[in-house]
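The values are calculated or read from the model by the stated rules, or taken from the named source; none is laboratory data. This structure is a prediction, so every number in the text was calculated from the model and none was measured. Quick reminder, even Gly has a Cβ in these numbers, built from the backbone with ideal geometry, and neighbours come from all protein chains shown.
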Amino acid sequence: MVKKIGKFFLISLVSSSAFANDKIYLKSPKSKLNLRLVGTIVYSDNKKSIASINSGSYRTSETISDQAEVVKISRLKVYIKNKINNSIEYITTGKFLKDRSVNKQDIYKNEKKEYHVNRKLIDKVTGNLSEFLNDAGTKIIKDDSGSIKGFEITYIKKNGVFDNGLGLKVGDQLLNVNNIPLDSISSVMKLLDQFKKSSIINLGLNRNGITKNIRYLVR
């Protein structure tokens, strides 16, 4: 009985602590520091998550130009501790710019280094697994040893996220997403997870024998 009470008390303390931390983030103001959040790559282990701020990349507990310390990384916001006043603040990604979207361009011929993707388009398909899977059809591709090395697109839904949002084509081979290899049947869940959690999508793909890394910013 004592153990049960002890465990319950411990769980209560942990829950209360987590709730208190959430309240700190919810009440935090937008930072006035000269920091621009380009985007984030969010992993299940938040310590490995990366925030692209100004021209650098940072993980939690790392300091940005002696101005602030990164304390939490999420999809659209990064929470920082202002080194000047010790307050918890946040910085957020910019707005979606239509002139920086794929807009039916050939992403291999265009010299743009990155493209904007409308968050509403992403959220529409990632909120439902079956809809995400129906947006594009794929088949497994293997290397010479027989190991899975990626997925080849066999079908793309017109005006869907893979078509309008990412500018992909039938025959494109998806190899990795945010440096996570797409090397197993369950990899589609890794792809879905990154689309749901991150605002930077680095997609490694092969088109007509040419391998490139295409960078998308979810806005």
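When residue 155 is tested against (1) in a strand (DSSP E or B); (2) over 30 Å from residue 36 (Cβ atoms); (3) among the aromatic types (Phe, Trp, Tyr); (4) touching a helix residue (DSSP H, G or I) at 6+ places or on another chain (Cβ under 9 Å), only condition (4) is not met. Checked against (1) in contact with a Phe, Trp or Tyr (Cβ under 7 Å, 6 or more places away or on another chain); (2) free of Cβ contacts under 8 Å to residues at least 24 places away in the same chain, residue 189 passes all but condition (1).
I need the full set of residues from the stretch 172-193 which are closer than 19 Å to residue 49 by Cα and in a strand (DSSP E or B), in order please.
Restricting attention to the stretch 172-193, the residues satisfying the condition of being closer than 19 Å to residue 49 by Cα are 176-182, 187, 189-193.
Of everything in the stretch 172-193, those that are closer than 19 Å to residue 49 by Cα and in a strand (DSSP E or B) turn out to be 176, 177, 180, 181.
Taken across the stretch 191-205, residues that are within 19 Å of residue 139 (Cα to Cα), of a type in the set (D, E, K, R) and in the same structural domain as residue 129 (by TED's automatic domain parsing) do not occur at all.
Please tell me if residue 120 is charged (D, E, K, R), in the same structural domain as residue 213 (by TED's automatic domain parsing), part of a helix (DSSP H, G or I) and in contact with a helix residue (DSSP H, G or I) (Cβ under 8 Å, 6 or more places away or on another chain). Spell out how you get there, then give the answer.
Working: charged (D, E, K, R): yes; in the same structural domain as residue 213 (by TED's automatic domain parsing): yes; part of a helix (DSSP H, G or I): yes; in contact with a helix residue (DSSP H, G or I) (Cβ under 8 Å, 6 or more places away or on another chain): no.
Spelling it out, it is not the case that residue 120 is charged (D, E, K, R), in the same structural domain as residue 213 (by TED's automatic domain parsing), part of a helix (DSSP H, G or I) and in contact with a helix residue (DSSP H, G or I) (Cβ under 8 Å, 6 or more places away or on another chain).
If you go through the stretch 61-71 and keep only what is buried (at least 18 other Cβ atoms within 10 Å of the Cβ) and among the β-branched types (Val, Ile, Thr), you end up with 64, 70, 71. Scanning the stretch 46-77 for residues that are over 19 Å from residue 195 (Cβ atoms) and touching a Leu at 6+ places or on another chain (Cβ under 8 Å) yields 53, 54, 64, 67, 68.
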